[in-house]
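Take a look at the structure set out below.
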Amino acid sequence: MRKAVITLTLILFTSLVAASLDADIQPSSPDNITLSPDNDYEVFKEFDGTNSDGDIGSYDWTLVDTDQSASGPLANFTFDRSVSGTSEIRLVVSDDTYSDLDSVTQRVHDVPEVTISMDDAEAGTGEETDFSVDSYENSFDDPVEFEWEVDGEVEGGDEESFAHEFTESGEHTVTVTATDNAGYEGSDSIDVDVVSDHVTITGTNSPIDPGETLEVDVEVGGVEGYDTDDELVLEVDGDEEDSEDVELEEGDTYETTLEWDTEDGDEGDYDIEVLYDGFSDTTEVEVGDEDGDESDLDAFPHQDDEEDEEDEPEFDEVKTIGANSMVPAEISFSESPVTHVTVSVSEPVDGELGSTATETQPSGVSDPGDEVYRYIEYDPDFDTSAVEEVEFEFDVSQGWLDDNDVSSATVELQRYDSGWTVLDAERVDEDELNVYYEATSPGLSVFSITGETWSDLFQVTDIDVNETDVMAGEAVEFNVTVENTGPESGIYELEVDIDGDTESEEVELGSGENTALSFVTDFEETGTKTVESKGETVEVEVHGEGLPWLMIFGGLFTAVLAVLGFIFFPDIKNAAESVIPSEIGDISVSQPSMSGRLNIGDVLGDLMPDEDERSGGYSFEGFGDDSKRS
């Protein structure tokens, strides 16, 4: 009985000790975590175990199904897409003998991440352009509804694909928004440059002075599928200034010029729109100051010059930036190949930014080194120390690339700051007229748009010749090895200078590829001849024709005279006997045959034996008196 009482007492004591440990996690019902682009899909959260009771010796935390753990009263865990969904957090508190466990559930939700794609590289007015959701992610695989907007107006929904027909040219924004069952939203947008296929402004005479007539050249194309009969209208800042009735059959085109008669006081920039049959095209024009004195924008290296301080510089375009805002300023320029500039600042700025594009190298800057498309000069009237980053969108004419033999893959934007610095430019698009690029700069200054020519990219690495010592008139073959060091495939007309005469051959090579081109010539004149191409040279020695044959003939003639001397003049034989040891052996001389060989008789005439003797030969056995003629 006493033993049973003691045992029951120990059990009750043990239970009381174990019960004195109580793990407690706060918050016990954690708020949901939402992962989104705003927090880079990563959230850090702290959990508190200080409310746990007992004589606790250790706190051991675990984020279940991950390698994250912690110790101590407080624990911090990282929640990202790898743990999205429902996660369990566990806390085990222990003393030397006992432990207790608590756990809470954390729900982690990420908003749908959507990526939009466009099927075609460009869009045209009057044609359907297809868009689709390239991919989207959602941690719970909840059903997602889609809504499509064009320039802020809802145009479609509930589908992963969308088609839209643009009626106006210019830049438009297409946005898709995905919403899951929990109400979380994710969106993506794409900017679309729409080219007018039916109404195209082909050119203007801008800039003009007030009082002059603005001329707008227009091309109108017939709409596929039906004839058109409508009014072609020119609007300036929304006001109609000119019109013309145009009737077109399907597939026909019509070109005309619409006009606007400006007046004194019309200085400024204007939006031009041409409309026909529901389609339109737009551009910007400038009406300048009639009495203004145009001058190039001062380059940054001369900002501290005091000369001409009283003369306000005139720029091609002046745009407002800021308005006391830190929001990045997006500025568009119509008279420059740099069409869009986005300026990010570290503190509020308010001012204007002047821009000038020129083909002439500004004073105070060095040559950028490559082929220059344009120099772009900017002059801000605000503190540029607030500028953190400038993003550029620019284009280069396909015609300039072709005329100057420049590779579009080598086009760069360079910035001048006590020397030229190349900014990485990304080629983003191209069409029949232009190639489009984007680049980023740490600040404003003077810029140049440059590119490398195929002549610089195609290098001759070796010239190999089959013979360097030849006779006049003999054919010589040269193998010229050429390599494309550029970043893309290209075609180049390689020229080779062959002793003053130029030969060429077209070669097409991929990036890093090389090949050998063969050229064959025969030099008619003697001397040292030089073959050169792109810095590589080789020389060929050309000898006079017939000189070796004369030497051969002379040697044979001398040999024949020597043999005949032994035959007909014994004194020479005796002299040879005293000089040449008899151990040399027998020497035999045979008359050459008459077939295809040198006719000694023809050469020596009367010195040869008569006809009867020519049928035989002459044999000498040694040089002694016992030699005999047979």
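The values are calculated or read from the model by the stated rules, or taken from the named source; none is laboratory data. In this text the structure is predicted, and so the values were computed from the model without any measurement. FYI the Cβ positions are ideal-geometry reconstructions off the backbone, even for glycines, and counts take in every protein chain you see. Accessible surface is based on the protein model in full, side chains and every heavy atom, while ligands, DNA and RNA are left aside. Shrake-Rupley method; radii C 1.70, N 1.55, O 1.52, S 1.80 Å.
Per-residue answers, yes or no, for (1) within 28 Å of S336 (Cβ to Cβ); (2) free of Cβ contacts under 8 Å to residues at least 12 places away in the same chain; (3) surrounded by fewer than 17 Cβ atoms within 10 Å (Cβ to Cβ):
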position	(1), (2), (3)
S206	yes, no, no
V218	yes, no, no
G221	no, no, no
D237	yes, no, yes
S243	no, no, yes
E249	no, no, yes
L275	yes, no, no
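Take segment 551-568 and flag every residue that is at pLDDT 70 or above, aliphatic (A, V, I, L, M) and open to solvent by 80 Å² or more (accessible area, probe 1.4 Å).
Selection gives L556 alone.
What is the one condition in (1) modelled with pLDDT under 90; (2) part of a loop (DSSP other than H, G, I, E, B); (3) in contact with a strand residue (DSSP E or B) (Cβ under 7 Å, 6 or more places away or on another chain); (4) not small (G, A, S) that D31 does not satisfy?
Unmet condition: (3).
Which of (1) crowded, with 16+ Cβ neighbours inside 10 Å; (2) among the β-branched types (V, I, T); (3) within 30 Å of G186 (Cβ to Cβ) is the odd one out, the single condition V93 does not satisfy?
The number of the failed condition is (3).
Could you list all residues from segment 533-550 that are open to solvent by 60 Å² or more (accessible area, probe 1.4 Å) and either modelled with pLDDT of 85 or more or not basic (K, R) (or both)?
G535, E536, T537, E539, E541, H543, E545, L547, W549, L550
Would you confirm, using the coordinates I've provided, whether E267 is free of Cβ contacts under 8 Å to residues at least 60 places away in the same chain, open to solvent by 60 Å² or more (accessible area, probe 1.4 Å) and more than 29 Å from E165 (Cα to Cα)?
Here the answer is yes, as E267 does meet what is asked.
Can you list the strands (runs of 3 or more DSSP E) lying wholly within segment 39-139 that have 3 or more residues being at pLDDT below 90 and not β-branched (V, I, T)? Spell out how you get there, then give the answer.
Numbers: elements: 42-48, 58-63, 69-71, 74-80, 85-94, 99-110, 113-118, 128-137.
The qualifying strands (runs of 3 or more DSSP E) are 99-110, 113-118, 128-137.
Would you mind finding the one in F44, F79 that is open to solvent by 70 Å² or more (accessible area, probe 1.4 Å) and under 28 Å from T177 (Cα atoms)?
After ruling out the rest, the residue left standing is F44.
From D38, D110, grab the single residue that is of a type outside the set (K, R), closer than 25 Å to F146 by Cβ and touching a strand residue (DSSP E or B) at 6+ places or on another chain (Cβ under 8 Å). Step through it out loud before you land on a result.
Numbers: D38 fails: touching a strand residue (DSSP E or B) at 6+ places or on another chain (Cβ under 8 Å).
Being of a type outside the set (K, R), closer than 25 Å to F146 by Cβ and touching a strand residue (DSSP E or B) at 6+ places or on another chain (Cβ under 8 Å) holds for just one of D38, D110, which is D110.
Residues checked against (1) small (G, A, S); (2) open to solvent by less than 10 Å² (accessible area, probe 1.4 Å); (3) modelled with pLDDT of 80 or more:
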{"position": "A323", "(1), (2), (3)": "yes, no, no"}
{"position": "P328", "(1), (2), (3)": "no, no, no"}
{"position": "T342", "(1), (2), (3)": "no, no, yes"}
{"position": "S346", "(1), (2), (3)": "yes, no, no"}
{"position": "G354", "(1), (2), (3)": "yes, yes, no"}
{"position": "D381", "(1), (2), (3)": "no, no, no"}
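Looking only at segment 432-467, which residues are open to solvent by 30 Å² or more (accessible area, probe 1.4 Å), assigned to a strand (DSSP E or B), closer than 19 Å to E488 by Cα and not aromatic (F, W, Y)?
Once the filter is applied, which keeps residues that are open to solvent by 30 Å² or more (accessible area, probe 1.4 Å), assigned to a strand (DSSP E or B), closer than 19 Å to E488 by Cα and not aromatic (F, W, Y), segment 432-467 yields N434, E438, Q459, T461.
Any residue at all in segment 387-394 that is closer than 23 Å to L457 by Cα and at pLDDT 90 or above?
Within segment 387-394, none of the residues are closer than 23 Å to L457 by Cα and at pLDDT 90 or above.
Sort out which residues of segment 495-527 are of a type in the set (V, I, T) and open to solvent by less than 70 Å² (accessible area, probe 1.4 Å), and write them in order of number.
V496, I498, V507, T515, T521
Any idea which of (1) modelled with pLDDT of 90 or more; (2) assigned to a strand (DSSP E or B); (3) open to solvent by less than 60 Å² (accessible area, probe 1.4 Å) is the one V476 doesn't satisfy?
The number of the failed condition is (1).
For segment 24-41, which residues satisfy the criterion of being surrounded by 11 or more Cβ atoms within 10 Å (Cβ to Cβ) and without any contact (Cβ under 8 Å) to a residue 40 or more places away in the chain?
Correct list: Q26, N39.
For segment 156-180, how many residues are in contact (Cβ under 8 Å) with a residue 40 or more places away in the chain, more than 29 Å from I272 (Cβ to Cβ) and open to solvent by 30 Å² or more (accessible area, probe 1.4 Å)?
Of the residues in that region, 1 qualify.
Report yes if D403 is without any contact (Cβ under 8 Å) to a residue 40 or more places away in the chain and out of contact with any His (no Cβ under 7 Å at 6 or more places or on another chain), otherwise no.
Yes.
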